[in-house]
Structure formats: structure tokens, C-alpha cells
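One structure is given below, encoded as C-alpha cells.
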Amino acid sequence: MLEQTVPIVSNERDTDLYYRLVVCAPQIAPRVQPGQFAHVRIPPLKDALLRRPFSIYQVAGDTFSILYKAVGQGTEMLSRMHPGEELSALGPLGHGFTVPPPGGESPLLVAGGYGMAAMFLLAQRSPQKGIVFVGGRRRVDILCEAEFRALGWEVRATTEDGSHGEKGLVTQPL
């Protein structure tokens, strides 16, 4: 676990209230394993003592990415930050997931909303493809669908309102 000041490379809206943040973290990024997370301190929030935990979504060279939803004061402030501004990151944290061995059974991944962020790196590093079950309340809550398909994974989407994929909870098709 390391603490590092990380400059923002990009911070773009994905869908509705969801954003994709990429930071340059040359000390942290190479150590990230699937399922790990980072605690981020947002400097403009002077009153906030606690860091915010975010699953690490992607790693590319010296950068890592997170997906987040602007739901409170901290993430709303984060959504207004621009490339070049800095955050404080502590990571990688957590034990992470075990990557399935080659030649084993077909993996199944299940998550919803920005919970998909924790699964993407696992799918990317898995030696074999499987099925990803993604769920959300509505269409805009289904994240990473195209990215999983680009990796060669089968994607089964479920929305509670029926606006995308099957109608119901993500556990029903599973």
C-alpha cells in the first residue's frame, strides 16, 4: 500500500451520473490486482476528513481508472475536477480476486452498476472467457457492457424497469 499524489489524466461523464476517472499513479498502478481498490482524498473538500473508496476499474501502464457515480458532496466535487488537478490516492488496498487458472471451468461474474468496475480487471486478466451478468435499475446503470464484449465475454444484462436486457434482478438469469 502506497500513498501518492496523482494528477488527473481525464475525468469524463460516462452515462447519466456516472463518470470515468483516469489518474497517473506510477507507484500504485503496477501493483494493482483484480478486485483491489484505492482510497481517494479530494483536496477541494476541506471539511472531509475521510477518503472515498473506489474499486480500480482498469490499469494501463502508469495509470489506473475508476468508475464512480456523483451521489454526494465528495463525488459531486470529484466530477467537477479537470485534467492536471491532483488527488491523494492510497492503494492498492484489499486482497483482490483470484484469477481463474487456465483450462478450468467457464467463469461467471455478477455485479450491478459501478460494482462492474471491480469485475472488469478480473475479466481482462482471466485466461479464459466466461459470462458476465450485469444488472441495474435502468439502462443508464448498465456499465462496461461494450468493454466486456470487446474482451470476448458473453454479457447478459438485466434492468429492474425492463429498459435494457431482461426485466428483473441480475440474479434471475443467473
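Data table
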{"quantity": "Total residues in region 136-161, condition open to solvent by less than 30 Å² (accessible area, probe 1.4 Å), of a type in the set (Gly, Ala, Ser) and at pLDDT 95 or above", "calculated": "1"}
{"quantity": "So Gly130, is it surrounded by fewer than 22 Cβ atoms within 10 Å (Cβ to Cβ) and at positive phi", "calculated": "no"}
{"quantity": "Subset of region 14-23 (residues that are modelled with pLDDT of 95 or more and open to solvent by 40 Å² or more (accessible area, probe 1.4 Å))", "calculated": "Arg20"}
{"quantity": "Test result for Ala117, of a type in the set (A, V, I, L, M) and either without any contact (Cβ under 8 Å) to a residue 60 or more places away in the chain or surrounded by fewer than 20 Cβ atoms within 10 Å (Cβ to Cβ) (or both)", "calculated": "no"}
{"quantity": "Val134 vs. criteria of a type outside the set (S, T, N, Q) and touching a residue at least 60 places away in the same chain (Cβ under 8 Å)", "calculated": "no"}
{"quantity": "Single match in Leu122, Leu143, Leu109 (criterion: in a loop (DSSP other than H, G, I, E, B) and either farther than 14 Å from Gln58 by Cα or among the hydrophobic types (A, V, I, L, M, F, W, C) (or both))", "calculated": "Leu143"}
{"quantity": "Residue in region 43-95 that is surrounded by the most Cβ atoms within 10 Å (Cβ to Cβ), counting only those that are assigned to a strand (DSSP E or B) and among the aromatic types (Phe, Trp, Tyr)", "calculated": "Phe64"}
{"quantity": "Where a residue in region 155-174 is free of Cβ contacts under 8 Å to residues at least 40 places away in the same chain and its partner, wherever it lies, is of a type in the set (Val, Ile, Thr) and part of a loop (DSSP other than H, G, I, E, B), with Cβ under 6 Å and at least six apart", "calculated": "Ala157/Ile142; Thr158/Val170; His164/Ile142"}
{"quantity": "Which listed residue is touching a residue at least 12 places away in the same chain (Cβ under 8 Å) and within 24 Å of Leu109 (Cα to Cα), from Gln4, Gln33, Gln27", "calculated": "Gln33"}
{"quantity": "Residue in region 86-108 that is of a type in the set (Phe, Trp, Tyr), in contact with a strand residue (DSSP E or B) (Cβ under 8 Å, 6 or more places away or on another chain) and within 25 Å of Gly135 (Cα to Cα) present", "calculated": "no"}
{"quantity": "Hey, Val9 under 27 Å from Ser126 (Cβ atoms), among the hydrophobic types (A, V, I, L, M, F, W, C), crowded, with 19+ Cβ neighbours inside 10 Å and touching a residue at least 24 places away in the same chain (Cβ under 8 Å) or not", "calculated": "no"}
{"quantity": "Meets criteria (surrounded by 14 or more Cβ atoms within 10 Å (Cβ to Cβ), out of contact with any Pro (no Cβ under 6 Å at 6 or more places or on another chain) and within 17 Å of Gly115 (Cβ to Cβ)) for Pro34", "calculated": "yes"}
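The values are calculated or read from the model by the stated rules, or taken from the named source; none is laboratory data. Since we're looking at a predicted model, the values are computed, not measured. When we count neighbours, we look across all protein chains shown, and the Cβ atoms used for this are built from the backbone with ideal geometry, even at glycine. Only protein heavy atoms, including side chains, enter the accessible area calculation; ligands, DNA and RNA are left aside. Shrake-Rupley method; radii C 1.70, N 1.55, O 1.52, S 1.80 Å.
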